[in-house]
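Enquirer: Here you go, one structure.
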Amino acid sequence: MAVSRRDLRALLGQVEQGFARPAAAESAAILPFKREQGRPDIAFDNLTASLEQETGILWAEMHHHERACFTRPLMRDGREFQLYLKRLYQGASAEEMPFRYLAWVSRAKGAWSLGGDLSVFTALIRDQDREALRAYAHLSIDVLYDNYCNLELPILTAAVIEGDAVGGGFEAMLTNDLVIAERDAKFGLPEILFNLFPGMGAYSFLRRRIGEVEARRLIEDGRTRSADELHALGLIDIVCEKGEARDRLREHVQSNPRRFRTELALRRMRSRVEPVTKSELVDVVELWVDLALALEEQDLRRMDCLARHQQRRKAAA
């Protein structure tokens, strides 16, 4: 049975009207884990989490009611979900966790995520609303960085790509430990086409994965790439046929359960040797905000075209 929103409010406190959460919720001291505290199953308006006990996978499904992208309501629900899990399982050992993998999936047909909410971006840029644009950007960094850090829990994260991952969707994919993608999914960073750059971590994550030259190429050429191309670069771990992605994750998890500890240790080793810091991401996103606010009308019109594409790819009711 899923945790109710009322129970969540009691645990975390009332959500603020803005994008940020109270500082106390982010920096609470780690307490001894209490097994009776609750379950990870929870339903939000824009995200549903369901625990698959037999595999140890917590499926987090994005709903995309308005547009197949990271809308502000989806971002707020995603952040609330992260903070709930952190509070619920802080101090837990790997043996005490009811799940080993947090797997991100999408309900939108043919789209995992088409990136940042371009309809919002163009409106805020035309209004020169710096504070609202910064608030969106910083919320994005909060969500992506916590996913990159595995919520500071003894778990691994997975992106299960059953549709296109573009722009911010591509960036979000890069924060996961395991990426499984259907062969017909498309990937790209189109921001250069309207004289912007992907500001929510693309360069930071790509540079550590594939080096400076390849990272710049993916960002600066604006090309759409296939799952097989990204697999060859090492950015996708498993490529599968349409409709097989979720089962491939199940197979991966169940094929060698004893390897989980090794995979977790290897992930921590990589983060220790070449860490991506939150301060780095924040500095870069401030550059993104400055450049976005300087875009010209012809750039915004190109962005409007992609925004309409996001609208057409929303999840079916």
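Enquirer: Once the piece of chain linking Met269 and Cys149 is laid out straight, how much longer is it, given 0.36 nm per residue of separation minus the C-alpha distance between them?
Expert: Extra length from Met269 to Cys149 when fully extended: 42.0 nm.
Enquirer: Nearest 500 deg cm²/dmol is fine: what mean residue ellipticity at 222 nm does the chain get from its DSSP H runs of n ≥ 4 alone, each adding -39,500 (n - 2.57), divided by its residue count?
Expert: My calculation for the chain gives -14500 deg cm²/dmol from helical runs alone.
Enquirer: If you don't mind, there's one more thing I want to ask. Can you count the Lys pairs in the chain whose Cα atoms are under 24 Å apart, with each pair 8 or more apart or on different chains?
Expert: 8
Enquirer: Another question about this same structure. Applying the Karplus parametrisation 6.51 cos²θ - 1.76 cosθ + 1.60 with θ = phi - 60° to the phi angles of region 157-166, what ³J(HN,Hα) value in whole Hz is obtained for each residue in order, glycine and proline being reported as x?
Expert: So the Karplus estimates, Gly and Pro as x, are 10, 9, 9, 9, 8, 10, x, 5, 10, 10 Hz.
Enquirer: Looking at the chain as a GNM with Cα springs under 10 Å, which of Arg107, Arg183, Arg261 has the largest mean-square fluctuation?
Expert: Ranking Arg107, Arg183, Arg261 by mean-square fluctuation puts Arg261 first.
Enquirer: Rule-of-thumb check for region 129-244: C-alpha Rg over 2.2 N^0.38 Å?
Expert: My calculation over the Cα atoms of region 129-244 gives 1.06.
Enquirer: Another question, if that's okay. Taking the Cα atoms only, what angle lies between the long axis of helix 130-148 and the longest principal axis of the chain, rounded to 10 degrees?
Expert: 40
Enquirer: Just rank Ser140, Ser255, Ser204, fewest to most, by other beta-carbon atoms within 10 angstrom.
Expert: So the ranking, lowest neighbour count to highest, is Ser255, Ser204, Ser140.
Enquirer: Have a look at Ala227, Ala245, His309 and report the one farthest towards the positive end of the charge dipole of region 218-314, computed about the Cα centre with Cβ charges (Lys/Arg +1, Asp/Glu -1).
Expert: Ala245
Enquirer: To the nearest 10 degrees, how steeply does helix 278-293 sit against the main Cα axis of the chain, on a 0 to 90 scale?
Expert: In the chain, helix 278-293 runs at an angle near 30 degrees to the longest axis.
Enquirer: In bins 5 Å wide, starting from 0, what share of all Cα pairs of region 211-253 does each bin hold, as a percent?
Expert: 5, 18, 23, 22, 11, 9, 10, 1
Enquirer: May I ask you to derive the FRET efficiency for Lys242 and Val282 from their Cβ-Cβ distance with R0 = 35 Å, giving the value to the nearest 0.05?
Expert: According to the calculation, E is roughly 0.40.
Enquirer: How big is the dipole moment of region 168-317 about its Cα centre under a simple scheme where the beta carbon of each Lys and Arg is +1, that of each Asp and Glu is -1, and everything else is neutral? Debye, nearest 20, please.
Expert: About 740 debye.
Enquirer: Here is a follow-up. Under 20 Å from a point placed 7 Å out from the Cα of Phe197 along the Cα-to-Cβ direction: which residues of region 288-311 have their backbone N that close?
Expert: Correct set: 288-296, 299-300, 303.
Enquirer: Would you pull out the residues with amide H under 5 Å of Ser106's amide H, same chain only if 5 or more places away, H placed 1.01 Å from N?
Expert: Counting only residues 5 or more places away or on other chains, the set is Met62, Glu162.
Enquirer: With +1 on each Lys and Arg Cβ and -1 on each Asp and Glu Cβ, how big is the dipole of the chain about its Cα centre, in debye rounded to the nearest 20?
Expert: Charge dipole, the chain, about its Cα centre: 560 debye, nearest 20.
Enquirer: Oh, and also: Points 7 angstrom from Cα along the Cβ direction at Ser93 and Ala135: gap in nanometres?
Expert: 4.4
Enquirer: What do you get for Rg/Rh over region 180-298 if you use C-alpha atoms and the Kirkwood form of Rh?
Expert: So for region 180-298, dividing Rg by the Kirkwood Rh gives 1.04.
Enquirer: At what distance in nm do the modelled label points of Arg258 and Gln128 sit from each other, each positioned 7 Å from its Cα along Cα→Cβ?
Expert: 6.6
Enquirer: Quick check on the exposure proxy: order Cys240, Cys305, Cys69, Cys149 from fewest to most C-beta atoms within 10 angstrom.
Expert: Ordered from fewest to most neighbouring Cβ atoms within 10 Å, Cys240, Cys305, Cys69, Cys149 come out as Cys305, Cys149, Cys240, Cys69.
Enquirer: Can I ask one more? Whole-Hz ³J(HN,Hα) for each residue in region 190-207, computed from phi via Karplus 6.51 cos²θ - 1.76 cosθ + 1.60 with θ = phi - 60°, x for glycine and proline: what do you get?
Expert: x, 4, 5, 5, 10, 6, 10, 9, x, x, 9, x, 4, 5, 4, 6, 5, 4
Each value in this text was obtained by applying a stated rule to the coordinates, not by laboratory testing. All values derive from a computational prediction rather than experimental measurement. With ideal geometry, Cβ positions are generated from the backbone for all residues, glycine too; neighbour counts draw on all protein chains shown.
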